1. Among the numbered conditions (1) closer than 29 Å to Gln387 by Cβ; (2) touching a helix residue (DSSP H, G or I) at 6+ places or on another chain (Cβ under 6 Å); (3) surrounded by fewer than 18 Cβ atoms within 10 Å (Cβ to Cβ), tell me where Glu105 comes up short.
2. Could you check segment 63-133 for strands (runs of 3 or more DSSP E) lying wholly inside it with 2 or more residues that are of a type in the set (Lys, Arg)?
3. Go through Val204, Val253 for me and flag whichever is closer than 19 Å to Gly68 by Cβ, surrounded by 24 or more Cβ atoms within 10 Å (Cβ to Cβ) and aliphatic (A, V, I, L, M).
4. Here is a list of conditions, (1) aromatic (Phe, Trp, Tyr); (2) farther than 21 Å from Lys346 by Cβ; (3) over 16 Å from the mean Cα position of the chain (by Cα); (4) surrounded by 21 or more Cβ atoms within 10 Å (Cβ to Cβ), and Phe264 meets all of them except one; can you say which number that is?
5. In contact (Cβ under 8 Å) with a residue 24 or more places away in the chain and over 25 Å from Phe74 (Cβ atoms), is that true of Glu126?
6. Residue check, Arg317 against (1) over 26 Å from Ala98 (Cβ atoms); (2) without any contact (Cβ under 8 Å) to a residue 40 or more places away in the chain; (3) surrounded by 23 or more Cβ atoms within 10 Å (Cβ to Cβ), all met but one. Which one?
7. Which condition number does Thr236 fail, the rest of (1) surrounded by fewer than 24 Cβ atoms within 10 Å (Cβ to Cβ); (2) in contact with a Phe, Trp or Tyr (Cβ under 6 Å, 6 or more places away or on another chain); (3) polar (S, T, N, Q) being met?
8. Any residue at all in segment 164-185 that's part of a loop (DSSP other than H, G, I, E, B), within 22 Å of Cys219 (Cα to Cα) and away from the ligand (no atom under 16 Å from the Cβ)?
Amino acid sequence: MKKERDNQKEMSRRGFLKAAALTGVTLCVSPALEKVRAAEKAMNGRPSAADQNIPDGMAAVRERWTLGSGAAEFVVSAIGFGCMGLNYHRSEHPDERAAIRLIHEAIDRGVTLFDTPESYGPFTNEKLVGKALKGYTNRVNVTTKFGHKYVNGVQVKTEEDSSPANIRKVCENSLRSLGVESIALFYQHRSDPNTPIEIVAETVAELIKEGKVRHFGLCEVNADTIRRAHSICPITAIQSEYHLMHRTVEESVLPFCRELGIGFVPYSPINRGFLGGLINEHTQFSPNDNRQTLPRFQPESIRKNLRIVEALNAFGRTCGCTPAQIALAWLMHKGDFIVPIPGTTKLSHLEENLRAADIVFTAEEMNELEASVSAIPVTGSRYDALQESKIQK
Ligand SMILES: NC(=O)c1ccc[n+]([C@@H]2O[C@H](COP(=O)([O-])OP(=O)(O)OC[C@H]3O[C@@H](n4cnc5c(N)ncnc54)[C@H](OP(=O)(O)O)[C@@H]3O)[C@@H](O)[C@H]2O)c1
């Protein structure tokens, strides 16, 4: 099966190259950017554990996967780290020193992809990540996002702002908060009905030429938006929600990404912790935790959806894996252009999650897992009506 998965990877890599040639998009890059790209290239390939100084047996992510293709290629660890919960939206969080220590533990265990935006906090998550990654940004990368609208530091939740002026403002703020010379991957967080995607792509392409941004990404967009944006500025990755309880992207976005050689970064890959199996209908979320407002995290929905966790537990028992590991390994078997970014505040969960990269399922096991989970209806929508209205269908 390992061989089968390697073959699959090779085929998808060839698909990337073909798609890059077919799209024929080119980009002018600055000398500074060339240097960073050369460093990225040096990280390419599949370094051994010894190359990364990761001791044998240590829970770690050792493989490097490629998001995007051609000029947009970005080599990252096969599992990233979502930094949001370190100080935002996930109830109890560690103090700053412990959060920084956890990020350093992730680096020691091979993680090179860290995700944040200005909107977590707002503004505080980027600063925390910037502090933690000081001195490490030659080895690891942080991705961030633009597009929410803020007035005097307060988010206007009914509107988005991807105007060129705001993209540029967020870029400057993020560079400062993260303490980097260029943003490794700059995503639009949510589409802005008032700014055509072509304008957004042109603005990011300019920032790339100026050496302030290295790669372009979009969140929660449909295939038409991806096509339009990609024809102007090659997209490295789409970041949207994707896990065993939310598979909408399989309809058109994922096949389209595969065809065009665009990477995919599933956010909330453990369904905001639910698929980790430690949440039940009695779980109390803190006021800072957005799960308390989400329909899928109301007690009645949790109670019904726990059958899905039971299915993961039953499947995991046959191979000695936890439900979180099953959820992550399933995503990774969907293609080597898919790099999940689970979040955690705990070293034990970090180690557990990284070990998911070592799990190999046969095609039959994948079918069995999917059949057992999809037989159980999911109760409760993932977002409230306002948040859902911002997701492109
Ligand atoms: N683009 C977007 O619109 C968007 C939206 C949401 C999130 N994101 C990104 O995606 C990242 C991850 O999303 P997320 O935090 O919503 O969801 P997630 O990664 O699916 O789940 C995180 C939750 O799972 C728990 N957890 C982690 N590992 C576990 C394990 N092995 N067993 C049991 N529980 C475990 C964590 O609690 P512990 O701390 O106790 O481990 C945490 O509460 C964010 O940090 C952010 O970067 C992007």
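No value in this document is a laboratory result; all are computed from the given coordinates. Just so you know, these numbers come straight off a predicted model, no measurement behind them. Ideal geometry is used to build each Cβ from the backbone, glycine not excepted, and the neighbour counts take in all protein chains shown.
1. Condition not satisfied by Glu105: (1).
2. On the way: elements: 64-67, 74-77, 113-115.
Filter on segment 63-133 gives an empty set.
3. Working: Val253 fails: surrounded by 24 or more Cβ atoms within 10 Å (Cβ to Cβ).
Every option except Val204 fails the conditions.
4. (3)
5. Numbers: in contact (Cβ under 8 Å) with a residue 24 or more places away in the chain: yes; over 25 Å from Phe74 (Cβ atoms): no.
No.
6. Going through (1) over 26 Å from Ala98 (Cβ atoms); (2) without any contact (Cβ under 8 Å) to a residue 40 or more places away in the chain; (3) surrounded by 23 or more Cβ atoms within 10 Å (Cβ to Cβ) one by one, Arg317 breaks only (3).
7. Among (1) surrounded by fewer than 24 Cβ atoms within 10 Å (Cβ to Cβ); (2) in contact with a Phe, Trp or Tyr (Cβ under 6 Å, 6 or more places away or on another chain); (3) polar (S, T, N, Q), the lone unmet condition for Thr236 is (1).
8. Taking segment 164-185 and keeping what is part of a loop (DSSP other than H, G, I, E, B), we get 179-182, 184.
Narrowing the set further to residues that are within 22 Å of Cys219 (Cα to Cα) leaves 182, 184.
With the extra rule that they be away from the ligand (no atom under 16 Å from the Cβ), the set shrinks to 182.
Scanning segment 164-185 turns up at least one residue that is part of a loop (DSSP other than H, G, I, E, B), within 22 Å of Cys219 (Cα to Cα) and away from the ligand (no atom under 16 Å from the Cβ).
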